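Scroll down for the structure; my scribbles are underneath it.
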């Protein structure tokens, strides 16, 4: 609180000097010299410098969380003089130098705002999708895509390069959409009821649950092979894997898209090795393959058992049990196993929120988010509100997504601070239209939101991206 009050008071100054070392400051009237942003008390704070003519400049600092137009903004006038920008108000000072606006109190830096450069967001290695537009988005926007959400399988598959999206209907119609406008480029009917799908290095794999067939297609939606495998309830894979994991009753099989062979693993055999792996409790918990989900990089498989997360390492089509996390469910089954991002993150959502294990903050209806490689301590927590159903990880730009019963999308930064919430349905949200799935684009800054009835394509404000805050 003291820091926030200081920020609001800082620019009530009289004789202010403004100089930026090494910067060519324009002097024409109303020209924007620069915009600055940073995190203060886990909220985004922004500032702006303008040339106001006659060699003078105006600095405006906006309250945290208010963007570039919030009430309570403070302004100060200044002129170039020397090589250091300096604001003085008793023990409070600020400097602007080399694109960094630093606020001090009693000689101690309390906030740093970095100049926001208008440049494309560069996706992480392996994700070569189109960048966010050069100027980003000034504000949040959403588009309703032409799909009946009630007929879609609860999987939306981005290609490794982020240029294609595969959307599967429960009646067996598989569509391929292409960026940047998500226009349909091809569709194919698999002539059967479908319940799950995944993307392998060879192309999409689809589960026809009525006939128990697994169908492999290439990325142009040409059928490559079809195999009947009884007892499969779900499947998962990753764009870097040449096999898909087929989940049955306490068993899981690695089906090779090359050889057509299946290597089967049972929960019983892993239960015998559980005592020798990293875990959070003295005694090992049960092992199962419920909600099995591969990480996007294809290195790990995450499953739910005994209301906790279990991690396996994937190696050459094999599975190796590595770690069992805390019991984080109150009661009943989890609503979703959420895996995504680079580095990969994981969470296990429950309608009543996560139960608080030792060493964890209390979250109420919230959800703990873990680094996939360490299930003992969360990297952050998010608390969107009652009845969490799913989480999305947009690590390319440092954002996490959740939802509530009346807001289909709630946005958080990496520190778990809420940045905004959005009623995408325009006030029509009810218990019959809740968010089921949130799938960010690999390049970041945009996300798909699938509700019971509708599929939305959302663009996030560039000012929230971590590239503009570090």
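Taken together, the values in this text are just the output of simple stated rules run on the coordinates, not laboratory data. Computed from a prediction, not measured in an experiment: that's the story for all the values here. Virtual Cβ from ideal backbone geometry, glycine too; neighbours counted across all protein chains shown.
At a Förster distance of 51 Å, what's the computed FRET efficiency of residue 183 paired with residue 315, Cβ-Cβ distance as r, to 0.05? So the FRET efficiency works out to roughly 0.85.
The calculated FRET efficiency for residue 226 paired with residue 140, based on their beta-carbon distance and R0 = 45 Å, is about 0.60. The distance from the alpha carbon centre of segment 364-440 to that of segment 199-255 is 29 Å, rounded to a whole number. Scoring 169-182, 186-199, 299-312 by mean Cβ neighbours within 10 Å over their residues and listing the highest first yields 299-312, 186-199, 169-182.
With q set to 0.08, 0.13, 0.15 Å⁻¹, the log10 of I(q)/I(0) for segment 137-295, from the Debye formula over equal scatterers at the Cα positions, is -0.28, -0.67, -0.83. Each of residue 327 and residue 218 was given a label point 7 Å from its Cα along the Cα-to-Cβ line. The distance between the two points is 5.1 nm. Please express the Cα-Cα pair-distance distribution P(r) of segment 274-393 as a list of whole percents, one per 10 Å bin, running from 0 to the bin with the greatest distance. All Cα pairs, binned at 10 Å, distribute as 15, 51, 31, 4, 0 percent. Label separation (residue 193 vs residue 299): 4.0 nm, computed from points 7 Å beyond Cα along the C-beta direction. Computed from the Cβ-Cβ distance with R0 of 30 Å, the FRET efficiency linking residue 161 to residue 100 stands at 0.30. For segment 212-333, the relative contact order works out to 17 percent when only alpha carbon pairs closer than 8 Å and six or more residues apart are counted.
Based on every Cα atom in segment 312-470, Rg and the maximum pairwise Cα distance Dmax equal 15.5, 49 Å. By how many nm would the segment from residue 60 to residue 406 lengthen if fully extended, with 0.36 nm per residue of separation less the alpha-carbon distance? Extending this stretch completely gives an extra 121.0 nm.
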